[in-house]
Amino acid sequence: MSTQSVENRRHRVVVIGSGFGGLFGAKHLKRADVDITLISKTSTHLFQPLLYQVATGILSVGEIAPATRLVLRKQRNCQVLLGDVIDIDLAEKTVTSTLLNQNTVTPFDSLIVATGAQQSYFGNDQFATYAPGMKTIDDALELRGRILGAFEGAELATTQELRDRLLTFVVIGAGPTGVELAGQIAELADRTLEGTFHNIDPRDARVILIEGAGAVLGPMGPKLGGKAQRRLEKMGVEIQLNAMVTDIDAHGVTVKDSDGTIRRIESSCKVWSAGVQASPLGKMLAERSEGTEVDRAGRVIVEPDLTIKGHPNVFVVGDLMSVPGVPGQAQGAIQGATYAAKQIKAGLEGESPADRKPFKYFNKGSMATVSRFSAVCQVGKLEFGGFIAWLAWLGLHLYYLVGYRSRIITVIQWFVTFLGRTRGQMAATEQWVFARLALEQVNEDQEEADELAAALGAPPASNGRAPGKTVTDRAVS
């Protein structure tokens, strides 16, 4: 390329990821003199905090996962590419992504990496077979199939032992996702399904919330954690603290208590919400940037301006960045992406990277819903719970939903669910439950799996890929 053509072309920004970090990074460059390419392995912008409502039949996938292309279609300077990023060449300033066995190389002048995090089983990836996480649409649909399927199986059970196992639901991890999910399973059994079976009473369902630490919602403090615990216990949820899950199989979980006692809980339906780990791209960036490191969760330890060492044009935001005091929540991703976009625009105006002010996170608080009409909320030093907190939770989540249509339909679904007994999304299929396991078997022969995907015109099977068998692993090994 000639010097003249380089001077005439616009600044190229590549954004990796379509979550809060990726989407807000692209949107804040809407009026900038740049050409943006957003690359994502999924075709949607997923509002992850509401996944548990998809899993329990309150909302449909469409309300929390609009197509990224539709969200950005009016942004003329942004192109959306579907693909799984397998290589980032910092020297050549290129990103390589793959889709259906076809690689695409996209050059960049500035890069925003916002690939988020995935479920962590703390080295026990085999647990995923029996206890799916809550990070993807596939996870939510699979869990809905497992929950509703457990009730259906209990209706047909011929022994009390089998019936009890099917009606025992175990949620591992008492963070916001675990608390919200446990509360909704309890409400599903007590309200929505009451009187819908002949051989069983859904209200006999046993919901168990297991936490390795000594408190529910530990990061929110003892006051709010205590409120949430008391509300859950009033709903009939069994809370087991200081309990470590040491094994999971098809029929239940093995738990080790703080006193060393090992016991067994028979359960057919389990869900894992105990930890997260960063995208593998974090490790790749660290390996290719001298002096850059990752923390224990695989998050990139970034510079004060959210870049990696030696590359002031490469920003890492969202759950992939490790910044003290910044939680792995939507607010951190949004603020980080907005900051990165401002630095890119400032650079176009001639500002030197050395003159950048460090990123400062403004903590707008945190909240979690426990049940209908009950939530806990923390804003600065102010802590409160109950109905007012629940209304605040509804308002905040509506605000961050993308699109007026999604907001209107969500309000209607919430109105029907919380004021009545029905839920609008109670469909579940056997395929949802077993699709991931089938994909894992297919992916054992990766070459054959890719050929099959290409022949069928399927999108990347990132959600169904067996733990440890990522496209990135194959690319850099």
message: Can you give me the long-range amide H partners of Val207? Hydrogens built in the peptide plane at 1.01 Å from N, cutoff under 5 Å, separation of 5 or more residues or another chain.
response: Phe169, Glu238
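Report D for the stretch 49-167 in µm² per second (integer): Stokes-Einstein, Kirkwood Rh on Cα pairs, 4 °C, 1.567 mPa s.
Details: Rh = 18.2 Å.
The Stokes-Einstein estimate is 71 µm²/s.
Roughly what % antiparallel, to the nearest 5, for the DSSP beta bridges in the chain?
Details: 39 of 71 bridges.
Taking every DSSP beta bridge within the chain, about 55 percent pair in antiparallel fashion.
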query: Does anyone have the angle between helix 330-348 and the longest principal axis of the chain? Alpha-carbon axes, 0 to 90°, nearest 10?
result: 10 degrees
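What number, in nm² with one decimal, is the all-direction average of the projected area of the convex hull of the alpha-carbon atoms of the stretch 11-83?
Numbers: hull surface 18.9 nm².
Over all viewing directions, the stretch 11-83 projects a mean Cα-hull area of 4.7 nm².
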field: C-alpha long axis of helix 221-234 to longest principal axis of the chain, angle in °
entry: 40 degrees
task: Over the chain, with every protein chain in place, what whole percent of the accessible area is carbon and sulfur at 1.4 Å, could you tell me?
output: 53 percent
- request: Just tell me which lysines come within less than 27 Å, Cα to Cα, of Lys256; anything on the same chain fewer than 8 places away is out.
  value: Lys135, Lys223, Lys227, Lys234, Lys270
statement: re the stretch 191-331: pairs of Cα atoms spaced beyond 24 Å account for a percent value of 54 percent
field: J(HN,Hα) series, the stretch 19-26, from Karplus relation 6.51 cos²θ - 1.76 cosθ + 1.60, nearest Hz, glycine and proline x
entry: x, 4, x, x, 5, 5, x, 5
field: Tilt relative to the chain, helix 404-419 - C-alpha long axis, 0 to 90 degrees, to 10
entry: 10 degrees
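For the stretch 357-443, which chymotrypsin sites (Phe, Trp or Tyr not before Pro) pass both filters: DSSP loop (anything but H, G, I, E, B) and at most 11 other C-beta atoms within 10 Å?
On the way: sites: Phe359, Tyr361, Phe362, Phe373, Phe384, Phe387, Trp390, Trp393, Tyr399, Tyr400, Tyr404, Trp414, Phe415, Phe418, Trp432, Phe434; in loops: Phe359, Tyr361, Phe362, Phe373.
Sites meeting the loop and neighbour criteria: Phe362.
Take the Cα atoms of the stretch 327-366, build their convex hull, and give its volume per residue in Å³. Walk me through the intermediate numbers first.
Numbers: hull volume 2.5 nm³, N = 40.
So the per-residue Cα hull volume is 62 Å³.
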- line: In Å, the Kirkwood estimate of hydrodynamic radius for the stretch 128-177 over Cα pairs equals 12.1 Å
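Averaged over all directions, how much area does the convex hull of the C-alpha atoms of the chain cover when projected, in nm²? Don't skip to the end; give the middle numbers.
Numbers: hull surface 95.7 nm².
About 23.9 nm², averaged over all directions.
Could you compute the longest span of the chain free of GluC sites (Glu not before Pro) located in DSSP loops and having at most 16 other Cβ atoms within 10 Å, not counting the site residues? Walk me through the numbers before you get to the answer.
Details: sites that count: Glu92, Glu194, Glu290, Glu293, Glu349, Glu351, Glu444.
With GluC sites (Glu not before Pro) excluded where exposed in loops, the chain gives 93-193 as its longest stretch.
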task: Determine the percent antiparallel among the DSSP beta bridges restricted to the stretch 187-319, to the nearest 5.
output: 80 percent
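The values are calculated or read from the model by the stated rules, or taken from the named source; none is laboratory data. All values reported here derive from a predicted model rather than from experimental measurement. Here Cβ is always computed from backbone atoms with ideal geometry, including for glycine, and neighbour counts include all displayed protein chains. These area figures cover heavy atoms from the full protein model, side chains too; ligands, DNA and RNA do not enter into them. Shrake-Rupley method; radii C 1.70, N 1.55, O 1.52, S 1.80 Å.
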